[in-house]
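Novice: Input: one structure, supplied below.
Throughout, read-outs are computed from the coordinates displayed, never taken from laboratory work. Quick caveat: nothing in here was measured; it's all calculated off a predicted structure. No Cβ is skipped: glycine too gets one built from the backbone with ideal geometry, and neighbour counts run over all protein chains shown.
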Amino acid sequence: MTKIIAAIIIGLTYSTSFGQHSAYNRIANHYTKTQNFSGAILVAKPGHPTYLHYAGLASKELQVPVTKTTKFKICSITKTFTVAMLLKLAEEGKLKLDATIGTYFPGYIGEGKDKVNLHQLITYSSGIPDCEGNTGLAVYQTEIARDSFINRYCSGALATTPGSTFKYENGGYIILGKIIELATGKSYAENLHTMILEPLGMKNTGFIADRRLVKELAQAYLYNDSTKSFTNDPPYYIENYHASAAMYSTVEDLLKFDQALFNYKLLSKATIGLMLTSYPKLWSVAYGFWVTENKYGNIKARAADRQGAMTGSNTSWLHLVDQNITVIIFSNTNATPINELREKLTLAALNQPYELPKHKSLGP
């Protein structure tokens, strides 16, 4: 009887897994066919990859397909790595999150030098004006040394009282990257490698700097609704984004980081608790994530959410904390609504009903 029960359980497990895999395929194929999805999808449950999907072209010019080894610019997911390093240094007593910028960066010339602390930089509440101003991409389209970038674009008079107002921007994280370097005497890339990438075996993740060629890095493309066609990304120097958005990775590598964080392999349980503390008055931002209680069908789940976008490069990373379910999507175009795609995959992972929208094909 015990063997029969065991066999039934195994059969049910297989059927559920097969059913979910079929649902993932249906969802991924729908967005690939109707919304020109180009990129990589990973669903992990619980903590192990249960679904992988690769579609589209890493290079449209050379007709190179996206594969398991294709690397993608991960945009603002970089910020979560920056936070993890800051928290690691805080655990080691090398930084204090309530200390001001000037404590570790005495050469900083902005008004916030002795008024803005690291916590406020992390939570986008520093009051330092957006480094992009009204120009957007333009500040990244001129090659400029990082110290000069900080002095020119991240050092103005405070626009709001520190800690009072949420304003998403990149400049605060560029300052945090500089603070990591000053606190350790090593470059951001060196710290990234020794603190995170090497210990976790993340061999397909790195920092884009000094025009270094990255093998199998996907090119990014913008979709034009009017012409129903793709164009190349506008030119920019990704080095200018630095600690805010200058990394690349694969979905499987990012899962290693995901699991190291949420299983307390990289930082202590207490530190991860701090990392996942949400600040409702600051748009529910936490440290490196947005953390909210969400409803997925009939299931309420605490979600850690991190997204990124840089012209044609778009990324989305969701982790359901209590269920240990992870959904990661990297795309090298802006054609697909990847958060909508992510929602459908998350519902399927939770065995909840979902509906696929009746998208009209975007064309070739």
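Novice: What nm value, rounded to one decimal, do you get for the distance between K68 and T277 when each label is placed 7 Å out toward the C-beta?
Specialist: Rounded to a tenth, the inter-label distance reads 4.2 nm.
Novice: Same structure again: Pull out the extension gain between Y237 and Q352, defined as 0.36 nm times the separation in residues minus the alpha carbon to alpha carbon distance; nm, one decimal.
Specialist: 37.1 nm
Novice: Something else about it: With label points built 7 Å along Cα→Cβ from the Cα atoms of R152 and N134, find their separation and express it in nm.
Specialist: 1.9 nm
Novice: Using unit Cβ charges (K, R positive; D, E negative) and no other charged atoms, how large, in debye to the nearest 20, is the dipole of the chain about its Cα centre?
Specialist: Dipole size: approximately 800 debye.
Novice: For the stretch 231-305, which semi-axes, largest first and in whole Å, follow from the square roots of 5 times the eigenvalues of its Cα gyration tensor?
Specialist: Square roots of five times the eigenvalues give 27, 18, 15 Å.
Novice: Related question: Using alpha carbons only, what's the Rg to Rh ratio of the chain with Rh from Kirkwood?
Specialist: Ratio value, two decimals: 0.98.
Novice: Could you pull out the pairs from K203/K281; K203/K265; K45/K79; K33/K68 whose alpha carbons sit more than 27 Å apart here?
Specialist: Flagged as over cut-off: K203/K281.
Novice: For the stretch 26-92, place one equal point scatterer on every Cα, skip the solvent, and apply the Debye formula. What is log10 of I(q)/I(0) at q = 0.12, 0.22, 0.24 Å⁻¹?
Specialist: -0.48, -1.02, -1.08
Novice: Put +1 on the Cβ of every Lys and Arg and -1 on every Asp and Glu Cβ in the stretch 32-143; which of T78, G107, T135 then has its Cα farthest towards the positive end of the dipole?
Specialist: Among T78, G107, T135, the one farthest towards the positive end of the dipole of the stretch 32-143 is T78.
Novice: How large is the helix-only mean residue ellipticity at 222 nm for the chain, computed as the sum of -39500 (n - 2.57) over DSSP H runs with n ≥ 4, divided by its residue count, in deg cm²/dmol to the nearest 500?
Specialist: Estimated from H runs of four or more residues: -9500 deg cm²/dmol.
Novice: Go through K96/K178; K215/K344; K73/K344; K73/K295 and tell me which ones have a Cα-Cα distance over 25 Å in this structure.
Specialist: As for pairs spanning more than 25 Å Cα to Cα, those are K215/K344; K73/K295.
Novice: Quick one: what does P(r) look like for the stretch 124-168 with 5 Å bins over all Cα pairs, in whole %?
Specialist: It works out to 5, 22, 26, 24, 15, 7, 1, in whole percents.
Novice: Using only the alpha-carbon atoms of the stretch 184-227, report the extent along each of the three principal axes, biggest first, to the nearest angstrom.
Specialist: Over the stretch 184-227, Cα extents along the principal axes are 49, 22, 17 Å.
Novice: In whole Å, how far is the Cα centre of the stretch 118-188 from that of the stretch 287-364?
Specialist: After rounding, the separation between the Cα centres reads 28 Å.
Novice: Once you have a ≥ b ≥ c as the square roots of the Cα gyration tensor eigenvalues for the stretch 169-316, tell me rounded if a/c is under 1.5, and otherwise prolate or oblate according to whether a/b is larger than b/c.
Specialist: It comes out oblate by the Cα gyration axes.
Novice: Among residues other than D147 whose Cβ falls under 13 Å from its Cβ, what is the net charge (Lys/Arg +1, Asp/Glu -1)?
Specialist: Neighbourhood net charge equals +1.
Novice: Also, quick follow-up: Go through the stretch 117-190 and name the chymotrypsin sites (Phe, Trp or Tyr not before Pro) that are in a DSSP coil and have 12 or fewer other Cβ atoms within 10 Å of their Cβ.
Specialist: Those satisfying the criteria are Y168.
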